[in-house]
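Engineer: Input: one structure, supplied below.
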Amino acid sequence: MTNSRHNHKGTFEHLYKIAEGQSGYFTTKQAEAAGFSQKNHGYHVRTGNWIREQRGIYRLAKFPPAERPDLMFWWLWSRNRNDVPQGIYSHETALSLYDLSDINPARLHMTVPRSFQRRSDRSKIPVLHRGNVHKDDIEIRFGVKVTKALKTIADLLTARTVEMDHMQQAVKQAFQRGLITRAELKQAKRISPAIKKEIEQLRGDQ
């Protein structure tokens, strides 16, 4: 009996450790990896231990509310068959996460691989941009992957979805706060010369 209780406690602790790094969220496969049999997941939902957010995604009911739970939820939603999230927050969403400019996008924006496929109501899921993001253009914010400031601004200048006065504000703030440096811009090999020139022009004399 003692060993059984000890194992049960260890299972909960393992799951909590996983969820702790994910704003309280976890996937079915992560629960199984922690030691919870899939046939018992419904029990934990009924007893109020877990909240079922969507098929395959749960949240610990008593976990403290996160500042941006939507980011973690949709990041886990983007996982592939191996349970690895594929999405990287980008474009307008990344700009807002860096608190650059005054834009406040109504929907989340996420870059996913070109082969990415998920069956969901398009009006409810993030705006998906398809393409590959180099690992050096990614950083972690709020526990999820986000395109770095320079990559974000370059993507938005290419997409032309944000007004130029907002882009100028974003560029100036990014340089002032050290999120982008002149050396970084000069050495960026994955940004076209035309976009680099435009960023320099928007930066102005600082």
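The values are calculated or read from the model by the stated rules, or taken from the named source; none is laboratory data. Please read all numbers here as calculations on a predicted model, not as lab measurements. Positions of Cβ are generated from backbone atoms using ideal geometry, with glycine treated the same way; all protein chains shown enter the neighbour counts.
Engineer: Tell me whether segment 153-166 contains one or more residues that are under 13 Å from the mean Cα position of the chain (by Cα) and not β-branched (Val, Ile, Thr).
Structural biologist: No, segment 153-166 contains no residue that is under 13 Å from the mean Cα position of the chain (by Cα) and not β-branched (Val, Ile, Thr).
Engineer: Here are some conditions: (1) within 18 Å of the chain's Cα centre (by Cα); (2) surrounded by 23 or more Cβ atoms within 10 Å (Cβ to Cβ). Ser101 meets all but one. Which one does it not meet?
Structural biologist: (1)
Engineer: Kindly evaluate Leu95 against the criterion of being in the same structural domain as Lys151 (by TED's automatic domain parsing), over 20 Å from Lys124 (Cβ atoms) and among the aliphatic types (A, V, I, L, M).
Structural biologist: Yes; evaluated as a whole, the condition is true for this residue.
Engineer: In segment 84-119, what residues are under 23 Å from Arg55 (Cβ atoms), without any contact (Cβ under 8 Å) to a residue 12 or more places away in the chain and not hydrophobic (A, V, I, L, M, F, W, C)?
Structural biologist: Residues satisfying the conditions are Ser115, Gln117, Arg119.
Engineer: Can you list residue pairs whose Cβ atoms sit under 7 Å apart, with the first residue in segment 26-46 being over 20 Å from Trp75 (Cβ atoms) and the second being part of a helix (DSSP H, G or I)? Count only pairs 6 or more apart in sequence or on different chains.
Structural biologist: From segment 26-46, the pairs are Gly35/Thr11; Gly35/His14; Phe36/Thr11; Phe36/Leu15; Gln38/Thr28; Gln38/Glu32; His41/Thr28; His41/Ala31.
Engineer: Related question: What residue, among those in segment 101-145 that are closer than 23 Å to Gln22 by Cα and of a type in the set (Ser, Thr, Tyr), is modelled with the highest pLDDT?
Structural biologist: Checked segment 101-145; the qualifying residue modelled with the highest pLDDT is Thr111.
Engineer: Still on this structure, I have one more. So which residues in segment 118-141 are touching a strand residue (DSSP E or B) at 6+ places or on another chain (Cβ under 9 Å) and either more than 21 Å from Arg81 (Cα to Cα) or surrounded by 15 or more Cβ atoms within 10 Å (Cβ to Cβ) (or both), if there are any at all?
Structural biologist: Scanning segment 118-141 gives Ile125, Pro126, Val127, Leu128, His129, Val133, Asp137, Ile138, Glu139, Ile140, Arg141.
Engineer: Further question: Within segment 57-82, track down each residue that is under 18 Å from Pro113 (Cα atoms) and not aliphatic (A, V, I, L, M).
Structural biologist: Trp74, Trp75, Trp77, Ser78, Arg79, Asn80, Arg81, Asn82
Engineer: While we're here: Note down all Cβ pairs under 6 Å where the first residue falls in segment 51-62 and is within 11 Å of Thr28 (Cα to Cα), the second is surrounded by fewer than 20 Cβ atoms within 10 Å (Cβ to Cβ) and of a type in the set (A, V, I, L, M), and they're at least six residues apart or on different chains.
Structural biologist: Taking only residues 6 or more apart or on different chains, the pairs are Arg52/Val45; Arg59/Ile51.
Engineer: Please go through segment 14-62 and pick out each residue that is basic (Lys, Arg) and buried (at least 17 other Cβ atoms within 10 Å of the Cβ).
Structural biologist: Matches in segment 14-62: Arg59 only.
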